[in-house]
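A.B. asks: There's a structure below that I have some questions on.
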Amino acid sequence: MSEEDEEPLEDEENGEEDAPEPEESLRVERGEARDDAESYLDRDEARDLIARYHDPDPWDALDGYAQQRALRNATRYVDSFGFVGERLTVTQALEWPRVGTDYVECGVPDRVRQATAEAALRAAKGDSLLPDSDGAAVRSETLTSGPNTRAVEYATPRREGRRYEAIEALLRPYTQGRSSVSLQRTIA
């Protein structure tokens, strides 16, 4: 049998064929305000950023399709933050690029791309980035708007979603000043 006639490789332990790696079908935003963008990173860029700060084994353990899914979910999570400024066009699919910020020239800031890699790693480890209900219960909070302050205590503790401090820290420069309301919470 010649090399051209070779059968697909099989996993000798269970007899399954190796799945082919997907073509990069992920549509990546590079600052063009694409109307079909799905992610701020491609799979290789995500792997490089993950390996810079973390053990990449959980990412590497995913097949290409699962990596693309993780990047789509990570981008959706990152886009759920309230960013300063406005989207560059009304037709763009994602929140970046933006106008009305100091980051117009760069299209998608590096910190947004890093936050996307961080979120993709969480997804690779099995975390649900936007769960319906997960996290600690808020029993009371103090709402402050300008000179007005109001304390609120809940009869039934309010559930909060899971928080990822590293991702929030990366995105903080683009979300500060978004709201004039500051919250102080007591978590039970």
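A.B. asks: If you place +1 on the Cβ of every Lys and Arg, -1 on the Cβ of every Asp and Glu, and leave all else neutral, what size is the dipole of the stretch 22-124 about its Cα centre, to the nearest 20 Debye?
C.D. replies: Magnitude of the dipole: close to 280 debye.
A.B. asks: Can you compute the FRET efficiency between residue 142 and residue 166 using 1/(1 + (r/R0)^6), with r the Cβ-Cβ distance and R0 = 22 Å? Round to the nearest 0.05.
C.D. replies: Between residue 142 and residue 166 the formula returns 0.25.
Computed from the coordinates by the stated procedures, all read-outs in this text should not be read as laboratory data. Note that the structure is predicted; figures quoted are calculated from it, not measured. FYI the Cβ positions are ideal-geometry reconstructions off the backbone, even for glycines, and counts take in every protein chain you see.
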